[in-house]
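Please see the structure below; I have some questions.
The values are calculated or read from the model by the stated rules, or taken from the named source; none is laboratory data. The structure displayed is predicted, hence computed values, not measured ones. All Cβ positions, glycine included, derive from the backbone under ideal geometry; neighbour counts span all protein chains shown.
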Amino acid sequence: MKINPIKKHLQGCAIAVLVLGGSCGFALAQEAPLVIKPLNDKLHVYTTYNHFNNQKYAANALYLVTKKGVILFDTPWDVTQYQPLLDSIQNKHHLPVIAVYASHWHDDRAGGFSYYEKQGIPTYATTKTNGILREKGLTPSTHEIELGKTIRIGGERFVIDFVGEGHSTDNTVVWFPKYKILNGGCLVKSADSKNMGFVGDGNIAAWPESIRTLQSRFPIIHTVIAGHDNWQLDGAIEKTIELLNTQ
């Protein structure tokens with residue numbers, strides 16, 4: 001496989017958004033609560049931060065600019081950044097957010113559903129994700145995703161697919177065929193990861209086969225976006241395999 005790097009409900013506070021142009025900007029970016037970095041004219045990675053076990057982590061997600069509006073893939077992990085993200089997109093692209101897709105049920109992916117639904121933005125998740133959200137008393141999406149279907153919106157295309165259980169039992173990935181970019185979400189670890197992270201809601205035994213399915217289904221990937229930490233490093237899938245081999 002060939003992988004090459006391309007590499008306001010907050011009141012009374014200024015919107016802190018840092019848009020970086022160089023790969024060396026990752027460490028500097030951590031001072032801002034919301035970091036947006038373009039992959040190309042249409043796809044942008046946005047990063048927010050939160051704490052787990054008293055340690056600060058970055059959560060990476062994407063948005064896609066289309067002729068009809070902007071599509072979010074996952075919601076900010078930091079709840080104070082729900083509205084700043086919308087504002088930043090409007091200011092930068094002069095377009096509204098028209099849909100929000102979540103890759104799985106955790107707070108760093110679907111936690112903003114309630115907020116965005118109140119803004120009148122359609123939200124999307126799989127049947128399995130919505131089942132877990134309802135079971136846990138959390139807000140499900142307003143629409144359900146048809147897995148494996150090519151979705152065409154405003155001149156852009158993407159596919160949301162399920163390759164197997166791993167970080168969670170419902171984790172999905174997003175494939176952008178035009179750009180050969182894969183949003184691996186939390187199924188894929190960053191190349192600088194030291195361990196598998198939180199796996200309490202997942203299936204560590206099934207994870208290796210899920211990665212093999214991923215590699216088979218998407219044999220040529222130009223860029224992989226890992227769900228957490230430094231997404232700009234090459235070798236995220238290989239690092240995930242390496243870490244899984246130590247389990």
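Return the residues of the stretch 90-116 that are under 23 Å from ARG157 (Cα atoms) and in contact with a Ser or Thr (Cβ under 9 Å, 6 or more places away or on another chain); say none if nothing qualifies.
Of everything in the stretch 90-116, those that are under 23 Å from ARG157 (Cα atoms) and in contact with a Ser or Thr (Cβ under 9 Å, 6 or more places away or on another chain) turn out to be LEU95, ILE98, ALA99, VAL100, TYR101, ALA102, SER103, HIS104, ARG109, ALA110, PHE113, TYR116.
Tell me the residue from ILE89, ILE71, ILE121, ILE98 that is β-branched (Val, Ile, Thr) and touching a Lys or Arg at 6+ places or on another chain (Cβ under 7 Å), please.
Criteria check complete, one pass: ILE98.
Any residue at all in the stretch 74-97 that's within 16 Å of VAL174 (Cβ to Cβ), in contact with a helix residue (DSSP H, G or I) (Cβ under 6 Å, 6 or more places away or on another chain), in a loop (DSSP other than H, G, I, E, B) and at pLDDT 95 or above?
So far as the stretch 74-97 goes, yes, one or more of its residues are within 16 Å of VAL174 (Cβ to Cβ), in contact with a helix residue (DSSP H, G or I) (Cβ under 6 Å, 6 or more places away or on another chain), in a loop (DSSP other than H, G, I, E, B) and at pLDDT 95 or above.
If ASN91 passes every condition in (1) farther than 20 Å from THR47 by Cα; (2) over 18 Å from the mean Cα position of the chain (by Cα); (3) of a type in the set (S, T, N, Q) but one, which one does it miss?
(1)
Something else about it: So is GLY148 of a type outside the set (D, E, K, R), surrounded by fewer than 22 Cβ atoms within 10 Å (Cβ to Cβ) and either under 28 Å from ASP41 (Cβ atoms) or modelled with pLDDT under 95 (or both) or not?
In short, yes.
Follow-up question, since we're still on this one. Of the conditions (1) among the polar types (S, T, N, Q); (2) at pLDDT below 95; (3) under 16 Å from the mean Cα position of the chain (by Cα), SER168 satisfies every one except a single condition; which number is it?
Here SER168 meets the rest and fails (2).
Oh, and also: Quick one: in the stretch 153-193, of everything that is in contact with an Asp or Glu (Cβ under 7 Å, 6 or more places away or on another chain) and hydrophobic (A, V, I, L, M, F, W, C), which residue is farthest from THR129 (Cα to Cα)?
ALA191
Whether any residue in the stretch 121-128 is surrounded by 23 or more Cβ atoms within 10 Å (Cβ to Cβ) and in a loop (DSSP other than H, G, I, E, B) is what I want to check.
Yes, that holds for at least one residue.
Sticking with this one: For the stretch 48-87, how many residues meet the condition of being within 15 Å of TYR115 (Cβ to Cβ), hydroxyl-bearing (Ser, Thr, Tyr) and crowded, with 19+ Cβ neighbours inside 10 Å? Full working, then the answer.
Going through the stretch 48-87, the residues within 15 Å of TYR115 (Cβ to Cβ) turn out to be 48, 61, 72, 74-87.
Now narrow it down to the ones that are hydroxyl-bearing (Ser, Thr, Tyr): 48, 75, 80, 82.
Those still in the list that are crowded, with 19+ Cβ neighbours inside 10 Å too: 48, 75, 82.
Number satisfying all stated conditions: 3.
Within the stretch 133-165, can you find the residues that are out of contact with any Ser or Thr (no Cβ under 8 Å at 6 or more places or on another chain) and among the β-branched types (Val, Ile, Thr)?
Within the stretch 133-165, THR150, ILE151 qualify.
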